[in-house]
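Down below is the structure, laid out as structure tokens.
The values are calculated or read from the model by the stated rules, or taken from the named source; none is laboratory data. Keep in mind that this is a model prediction, so the values were computed, not measured. For neighbour counting, all protein chains shown are included, and Cβ atoms are generated from backbone atoms with ideal geometry for every residue, glycine included. Side chains included, ligands, DNA and RNA excluded: accessible areas come from the protein's heavy atoms. Shrake-Rupley method; radii C 1.70, N 1.55, O 1.52, S 1.80 Å.
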Amino acid sequence: MNSHTQISNSKQIQLRIDGASCASCVAKIETALSAVSGVEIAQMNLADRVATVSGSAETKQLVRAVEALGYTAHSLENTSTQQLMTDNEVADRAHYRQLVINTVVALGLGIPLMIYGMFIGEMTVNTTGERVGWGLVGIATLSVMASAGRHFYIGGWKSIWTHTANMDTLIALGTGAAWLYSMLVVFAPHWLPELARHVYFEATAMIIGLINLGLALEIKARGRTSESIKRLIGLQSRSARVIRNGQEIDLPIEHIVTEDEIRVRPGDKIPVDGVVIEGQTSIDESMLTGEPMPVSKQAQDPVSAGTLNTIGTIVFRATRIGQDTKLAQIIEMVKHAQNAKPPIGRLADKIAAYFVPTIMIIAVFTALMWLNFGPSPRIAFAMVCAMTVLIIACPCALGLATPMSVMVGVGKAAEAGVLIRNGEALQSASQITAMVLDKTGTITKGKPAVSDIVPVSGVNEESLLVLAASLEAGSEHPLASALTSAAQTAQLASEPVTEFAAVIGHGITGTIADQRVLFGNQKLMQDHQIDINSQLADAQALAKAGKTPMFLAKDGALQGIIAVADPIKTDSIAAIKRLKDEGIRVIMLTGDNRATAAAVAAEVGVDEFMAEVLPEDKLAKIRALQAENHVVGMTGDGINDAPALAQANVGFAIGTGTDVAIESADITLMRDSLHGLADAIAVSKATLRNIKQNLFGAFIYNTAGVPIAAGILYPLTGVLLNPIIAGGAMALSSVTVVLNAGRLRWFHTQS
């Protein structure tokens, strides 16, 4: 059963976290938040440093729990998504500038030292002059550590003080140990064997510089992951032309109230949600729905904030403003989904919680092995290998692997008109093996329309339609609107009707131009002794095709048949084929009769269907499929679909459906098209594939890198991994993860 309905009544609190640097930080913060009384779910996104907590806990308790770990936290309550993103951009720009400065400072010392050691002289201490010279270099290195590397050492100290360990701990221990060892060589070279009197100031400076460079590149690349949110926010108008007291005035969007009448001219964005009361136009809704074709709008039609008016001028009445507009809700839904974490991401965080302490133990074990079994100078080998293990194993890439991909993937889905609510849905959608589809309003349009007009010989179609539409004009039958709409489309005027009567279950009767007219089913005709034998075969063929045939008679003589059907959406056949091509078992469920269901199923290519089902039958079918070990997707648009949507592994709601269905679903399709299903699954698979690539890269990098750093290849090759190379590789691993996640931005759906 999906998780959305389980936590939908919980209060959600978002906290901005500062000081978190890796997956270990995320795991510790989530554990601390989860331990607070009243917390149901706590998730943190390392990519944008936001923790989302569901439950009844108070904000102050949550902030205290985070700060007890040595991090900084503050509430994002009353902070809009736009303001949060603006604040994040300002903070990231400032942080980027500082990291660039740190990189220049550290590499400005480290590169000349490395060049000296490689091409000019030995980095050893034996004479008094060398002691003085390298002592000055040690002081310069200390200044680099205190400036460019300050944040690593502060973070490392906090982690030790709070009995935790993270990326900063490893960097601080590795570079700090290298500097202390080097200063020992400078001040007391006689304590060490001659071969061990090597200084590693260049390693400390270069590692600090390279890691700062990696963090700067990461921020630069990371800034593009939230482009979808920025584009959605960019759709919001800043002002609107409001009609008050007969005058048109331009007002800031914040001053609009419900029931305001707003004029929108060609080229203007719709500022808030509303209903058209005057004029006609076409509106481009592509940024909200992914549908490229403009949608015509006239009186009584809804309009949504952020959509673009193209050709006409309209006046509409505001119905939803501010955070209640569909656009604002979409932005919040996308943002919430981007901060969500699929199960595969939580697994990575659990591993990371034990990763750093394990690496510290491995580093100590490595040092002990070199001290006991290594060649001379043992202490130098032990120090270098232990430092290299600490540096290369920093789990930065591990912490970014999942959230970066999720942020980009959810954004791409939103651009295609697919709104994903949570991380579980994002992951489960890629694993769907069975898709259950409601018929009415999902496969079909859900609005009956005239499909066939079959007059008897000597009667034309127009006169037949006029008689039927004239009768139905006074009817409240569900099929009445189909007939009146068909007549309006054909520009046929209705005739006045007298003596109108509805015959329940059979049809309607009335008098038009002094002629008695009957319109209804076969039973109505039989009751009035109307001979229908000439068209009985036609009626049966129409019924077999899933249509509803109705006979029309005038003055006791049959005039013809008009059939009404719920037309299949133009792209349902192609969309269902896409699902079947993915190896997904497609099942149609409907409350309609078996003949209609069979006809629709045959037309759209669905091999398995159930007709005349009740809501509880749909629910039972979902459970039966799950019992067969299927991962089940359910798609519907009505209130009767809500239980099945909630039971399915992934519930898909058609965005044009009821609010109850949308609230019960994990994924909402903003377009009235089943192509959104295939698009959602395609984006989900691409995102999960990207996450797995990132996690594989991060895990392989660490698991393969640590043994090499520890010196496992030394007995075979006589070569050790240089700590500087380890630092550079560690920094670039994070950049690689971010860039790989960025590849999702180029993913395109087929529809």
Just how much of Leu614 is accessible, in Å², when a 1.4 Å probe is used and the result is rounded to the nearest 10? 90 Å²
Taking a label point 7 Å from the Cα of Glu40 along Cα-to-Cβ, the residues of region 295-328 whose backbone nitrogen sits under 14 Å from it are none
For region 89-206, give the percent of accessible area contributed by carbon and sulfur heavy atoms, probe 1.4 Å, rounded to a whole number. 70 percent
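Lysine pairs in region 544-690 8 or more apart or on different chains: how many have alpha carbons under 19 angstrom apart?
5
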Run the quick spin-label model on Arg263 and Ala557: label points 7 Å from Cα toward the beta carbon, then report their separation in nm to one decimal. 5.7 nm
Roughly speaking, what is the stretch gain from Ala140 to Asn372, that is 0.36 nm per residue apart minus the C-alpha to C-alpha distance, in nm to one decimal? 80.2 nm
What angle, in degrees between 0 and 90 and rounded to the nearest 10, separates the Cα long axis of helix 128-147 from the longest principal axis of the Cα atoms of the chain? 20 degrees
Scattering profile of region 566-608 from the Debye formula, Cα beads only, expressed as log10 I(q)/I(0) at q = 0.21, 0.25 Å⁻¹, is -0.67, -0.91
Over region 1-146, what relative contact order in percent results from Cα pairs under 8 Å that are six or more residues apart? 20 percent
Which of (i) 40; (ii) 23; (iii) 20 is the computed percent of Cα pairs over 46 Å apart? It is (i)
Residues meeting the amide H criterion for Ser296 (H placed from the backbone, H to H distance under 5 Å, 5 or more places apart or on another chain) are Ile283
Pair Ser296, Asn629: separation of 7 Å Cα→Cβ label points (nm): 5.3 nm
Using amide H atoms built 1.01 Å from N in the peptide plane, name the residues 5+ places from Ile41, or on other chains, whose amide H lies under 5 Å from its own. Ser54
Defining a contact as two alpha carbons under 8 Å apart and six or more residues distant in sequence, what relative contact order in percent does region 473-526 show? 22 percent
Rg/Rg_ref, region 495-628, where Rg_ref = 2.2 N^0.38 Å and atoms are Cα: 1.41
Count the net charge of all other residues whose Cβ sits under 13 Å from the Cβ of Gly505, scoring Lys and Arg as +1 and Asp and Glu as -1. 0
Could you tell me how far the Cα centroid of region 194-220 sits from the Cα centroid of region 39-101, in Å? 29 Å
Take the Cβ-Cβ distance between Ile253 and Asp87 as r, set R0 to 22 Å, and report the resulting FRET efficiency rounded to the nearest 0.05. 0.60
Between region 527-557 and region 351-390, the alpha-carbon center distance in angstrom: 90 Å
Normalised Cα Rg of region 697-751, dividing by 2.2 N^0.38 Å with N its residue count, works out at 1.62
Would you mind counting up the charge near Thr281? Only other residues with Cβ under 11 Å from its Cβ, with Lys and Arg at +1 and Asp and Glu at -1. -2
List the lysines whose Cα lies under 25 Å from the Cα of Lys60, skipping any in the same chain that are fewer than 8 positions away. Lys11, Lys28, Lys158, Lys335, Lys341
Label point distance in nm, Glu462-Trp191, each placed 7 Å from Cα along Cα→Cβ: 10.9 nm
Which percent of the accessible heavy-atom area of region 434-496 goes to carbon and sulfur, probe 1.4 angstrom? 49 percent
Equivalent ellipsoid semi-axes - Cα gyration tensor, region 388-493, angstrom: 60, 13, 11
At R0 = 51 Å, FRET efficiency that the Cβ-Cβ distance of Thr162 and Phe119 yields, to 0.05: 0.70
Taking only DSSP H segments of four or more residues, each worth -39500 (n - 2.57), what value at 222 nm results for the chain once the sum is divided by all its residues, to the nearest 500 deg cm²/dmol? -16000 deg cm²/dmol
FRET efficiency, 1/(1 + (r/R0)^6) with R0 30 Å, evaluated for Ala94 and Leu720 via beta carbons: 0.20
Considering amide H positions built from the backbone, and no H for Pro or chain starts, which residues 5 or more places from Ser237, or on another chain, come under 5 Å of its amide H? Gly306
Contour minus Cα-Cα distance for Glu58 and Gln12 (0.36 nm per residue): 15.5 nm
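May I ask you to give the solvent-accessible area per residue for the chain, in square angstrom, as obtained with a 1.4 angstrom probe?
Solvent-accessible surface per residue comes out at 43 Å².
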Return a whole-number percent for the relative contact order of the chain, with Cα pairs under 8 Å and 6 or more residues apart as the contact set. 14 percent
